[in-house]
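The values are calculated or read from the model by the stated rules, or taken from the named source; none is laboratory data. Everything numeric here is computed off the predicted structure, so don't read it as measured data. Ideal geometry is used to build each Cβ from the backbone, glycine not excepted, and the neighbour counts take in all protein chains shown.
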Amino acid sequence: MARTKIYVPRETAAVSVGADEVALAIAQEAKKSGTDIELIRNGSWGASWLEPLVEVEVDGTRIAYGNVAAADVASMFAADFVGGGKHERRIGPIMEIPYLMDQDRWTFWRCGLVDPLSIEDFQAHSGFKALKQAFTDGPDAVIEAVADSGLRGRGGAGFPTGIKWRTVADTDADQKYVACNADEGDSGTFSDRILMEGDPFGLIESMAIAGFAVGASVGYIYLRSEYPLAHSILARAIESARDAGWLGTNIDDSGFDFDIELHLGAGSYVCGEETAMLESLEGKKGIVRYKPPLPAHEGLFGKPTVINNVVTLASVPNIINLGGERYAGMGVNRSKGSLAFQLAGNIKRGGLVEKSFGITVRELIEDWGGGTASGRPVRAVQVGGPLGAYLTAEQLDTPLDYEAFIEIGAMIGHGGIVVFDDTVNMAQQARFAMEFCAIESCGKCTPCRIGSTRGVEVIDRMIAGEKREDNYDLLVELCDTMEDASLCAMGGMTPYPVRSVLKYFAEDFASSEDLE
Amino acid sequence: MAEIDQATTSQIVAQYGAKPELLVQILRTIVTRYGWIPETTVRQLAEELNLSRADVHGVVHYYHDFRTEEPGRHIVKICQAEACQAMGSRKLTDYARKILTVDLNETGNDVTLEPVYCLGNCACSPAVMIDGKTYGRVDEARLDVLLDNMREAG
């Protein structure tokens, strides 16, 4: 009899709620009962609310068991878990879970499905197919496909990827670089992490394609230090790719050389800003650079550098495999394709949902998320990380479309959606936006460095009920200054959440004296 | 945690080819192993990498991860960012301060308590990192258990 395959994710969210202990218990129970199993530590499907989500393969179908604790394992084995037997943790076939079934998985399709550290499994699931195709088609055709797809930077800025690649390709230099921004610092976001932990070879292939397209032989991954598990998985995958000849010289007899260096950050949020990231990669303080020159012309060590977010890069192989037009056929208006939205905070069914642009925030929060975890009404939703505006419950019907969000003074950013119930104090959230900017500002420009500290002070005075109207005007003026005069998005967009609170949640500034 | 000795510092520098552009990675390696960067190490790194002391000092003080004081035997980080705030991290932090009898960014009874701004575990908030391992869905009762386990582990 063939060995039964059992999947237990090795992914931060799953491990953070006991997946390692579950895996150990399964191995022990199988040994005790003399059951021959193959334990595979897969990535996460993104249904974080069900973690640890264990699967057993029965007649080619993977049967899911959700929220499994180590203490459940003995009773699961007693209930013929290995044969997909009934148990209170049993959900049913993984592909029939509506949360996963109703997604548009373009970029994350291998996450959960494969063994992240098996290069054979990766290749059995179209791995390196796009890279080989790129070698056949040539760099121009690759850039054209990316441009045709309408893919825009998924890190937050939404700049067209095809234009960026074309600029680097057209710049002559003896050395060029690919820099992958994996400094996913926005609260409420974890899609980069799920991809790196669940499909590291997919990222490696994507970076090699980018390098081939623009003429770069060296790639850097700048990974935040808060992701130790992603670090160990990526490091092992890079090593395996080198051993198998998919990194190094003359990859797959193409004459193309490419290798990847994995660098760790050191807890600075602003290093997610692309030029601060370059400084940090050069071993310096992560201080934002003036632009121009654009990194595409003078980037890392002064050389032309294509800087892309993890998800942007990982969207490319299927654009080559399936065609740019097909990607462009998904989404709405100028927001083409899909985005991996991340449902976080006070939400019943948190996790990653890859959907075409155009879906509304309400659909995601209600249909996928199932409302708040507390069961109380939604009061505010922050989209796009700490620099994103807070939406009111009435604004949730806004379609997720870059331009539609700009119109309401908000941004999609990296696709993080953080839900708050009606117990939230929005004055505290506005204060936190300024406080976070004060803590994380790189200090180069005055509006951000000083403005954020003054912002905290002004908000504190408002909360204390001191000259509320004067301080309100002062805060609006401060927001104007920061927005107009800061060097990068840190100072320039911190006013977004603050203004949204002033506009829609001003009642939370009322102190007890005011209410009297 | 111990203080890094001179020979080990030199070894780590050599492991990175004594390249000044790898300063952040060198400091990273030291802080992962020893928990902090003493002033004597700053001087030694400046010398061995042919940088000014001001350069090295600047980098060390810029990044939150590069502690310049010796931490406790255990490091407990509690996420202070929005997704965790939405699930009660402010209250959880107050509780941790009370039971550990230390404030944020302080060390006492062998434990250093630190804020962290997002562990990327936002669908399982609130999140806590203890000695480099991330935990999700942490309420007060679970924090008690995690801290007991931490003490038991030594």
Positions within region A:1-22 being closer than 20 Å to B:V145 by Cβ and outside any loop (DSSP other than H, G, I, E, B), in sequence order: A:T12, A:A13, A:A14, A:V15, A:S16, A:A19, A:D20, A:E21, A:V22
Among residues of region B:120-148, those that are part of a helix (DSSP H, G or I) and not charged (D, E, K, R), counted: 8
Residues of region A:174-189 satisfying the condition of being within 16 Å of A:G265 (Cβ to Cβ) and hydrophobic (A, V, I, L, M, F, W, C): A:A179, A:C180, A:A182
Selection status of A:V218, under 18 Å from the mean Cα position of the chain (by Cα) and under 24 Å from A:A157 (Cβ atoms): no
Matching entry among A:E507, A:E483 (being surrounded by fewer than 21 Cβ atoms within 10 Å (Cβ to Cβ) and either under 28 Å from the mean Cα position of the chain (by Cα) or at pLDDT 95 or above (or both)): A:E483
Among (1) surrounded by fewer than 21 Cβ atoms within 10 Å (Cβ to Cβ); (2) away from every other protein chain (no Cβ under 14 Å), the one test that B:V111 misses: (1)
Which listed residue is out of contact with any Gly (no Cβ under 6 Å at 6 or more places or on another chain), closer than 30 Å to A:V418 by Cβ and of a type outside the set (K, R), from A:A266, A:A210, A:A241: A:A266
Selection status of A:I412, among the hydrophobic types (A, V, I, L, M, F, W, C), surrounded by 24 or more Cβ atoms within 10 Å (Cβ to Cβ), more than 13 Å from chain B (Cβ to nearest Cβ) and in contact with a Phe, Trp or Tyr (Cβ under 9 Å, 6 or more places away or on another chain): yes
Residues of region B:30-48 satisfying the condition of being within 12 Å of the chain's Cα centre (by Cα) and part of a helix (DSSP H, G or I): B:I30, B:V31, B:T32, B:R33, B:Y34
Residue in region A:332-344 that is within 11 Å of another protein chain (Cβ to nearest Cβ), in a loop (DSSP other than H, G, I, E, B) and within 30 Å of A:A430 (Cβ to Cβ) present: no
Leading residue by the ranking (nearest to B:Y135 (Cα to Cα)) among those in region A:1-53 that are of a type in the set (V, I, T) and surrounded by fewer than 21 Cβ atoms within 10 Å (Cβ to Cβ): A:I40
Where a residue in region B:71-86 is at negative phi and its partner, wherever it lies, is crowded, with 24+ Cβ neighbours inside 10 Å and of a type in the set (S, T, Y), with Cβ under 6 Å and at least six apart: B:P71/B:T112; B:G72/B:T112; B:I75/B:T112; B:A81/A:S187; B:E82/A:S187; B:A83/A:S187; B:A83/B:S125; B:C84/B:S125
Of residues in region A:300-318 being more than 14 Å from chain B (Cβ to nearest Cβ) and in a loop (DSSP other than H, G, I, E, B), the one farthest from A:D183 (Cα to Cα): A:P304
Any pair with Cβ under 6 angstrom, 6 or more apart, that starts in region A:427-445 at a residue that is at positive phi and ends at one that is in a helix (DSSP H, G or I): A:G443/A:R449
Condition met for A:K31 (part of a helix (DSSP H, G or I) and over 24 Å from A:G350 (Cβ atoms)): yes
